[in-house]
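Everything on this sheet refers to the single structure shown next.
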Amino acid sequence: MTHYVPQLAATALILLLTGCPSPTSDRATDHTSPEASTNATATKQPTKAPARTYIDVRTPAEYASGHLPGALNIPLQDMNNRLDELRALGTGITTYCRSGNRSGKAKALLEDAGFTDVTNGGGVESLAQQLGVEVVTSGK
């Protein structure tokens with residue numbers, strides 16, 4: 001019986017080493033289906049940024065002519081009246097306009113009101129390009 005122990009130990013070691021994938025193998029770390037993996041490599045997926053609210057500080061007419069998808073339109077002259085609404089969002093804020101001038105003023109206004117996570121996104125076209133999104137019109 002004792003002559004079976006080394007043989008049994010060797011067999012167990014072989015099964016252990018060959019039967020389990022290593023921690024660095026794709027199977028051990030990839031929890032997606034093969035279809036999802038194929039689709040992920042076929043199309044470039046944008047990286048997810050932290051939750052942000054994009055605010056177009058231009059006039060409603062300018063906003064209608066082209067804005068970021070999902071952006072709020074709060075004209076600079078109305079910003080002071082909507083601070084409570086913005087606080088309730090609980091997200092970081094990026095302001096933008098046509099060129100970055102009004103959005104810079106909006107950023108300063110928000111910071112003066114106590115907002116800490118505010119960025120000036122500059123102009124709508126350059127911000128859209130930076131984010132990899134298309135500018136949309138109000139009808140879309």
Query raised in the report: Among the residues of region 92-140, which ones are surrounded by 15 or more Cβ atoms within 10 Å (Cβ to Cβ) and part of a helix (DSSP H, G or I)?
Result: Arg102, Ser103, Gly104, Lys105, Ala106, Lys107, Leu109, Leu110, Val124, Leu127, Ala128, Leu131
Query raised in the report: Restricting region 81-110 to residues that are basic (Lys, Arg) and in contact with a helix residue (DSSP H, G or I) (Cβ under 9 Å, 6 or more places away or on another chain), which is nearest to Gly123 (Cα to Cα)?
Result: Arg98
**Report entry** Inter-residue pairs, beta-carbon under 6 Å, first more than 12 Å from Thr94 (Cα to Cα) and among the charged types (D, E, K, R) and in region 57-78, second surrounded by 18 or more Cβ atoms within 10 Å (Cβ to Cβ) and modelled with pLDDT of 95 or more, 6+ apart
**Finding:** Arg58/Cys97
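The values are calculated or read from the model by the stated rules, or taken from the named source; none is laboratory data. Remember, predicted model here, so these are calculated numbers, not experimental data. A quick note on method: Cβ atoms are made from the backbone with ideal geometry, for glycine too, and the neighbour counts reach across all protein chains shown.
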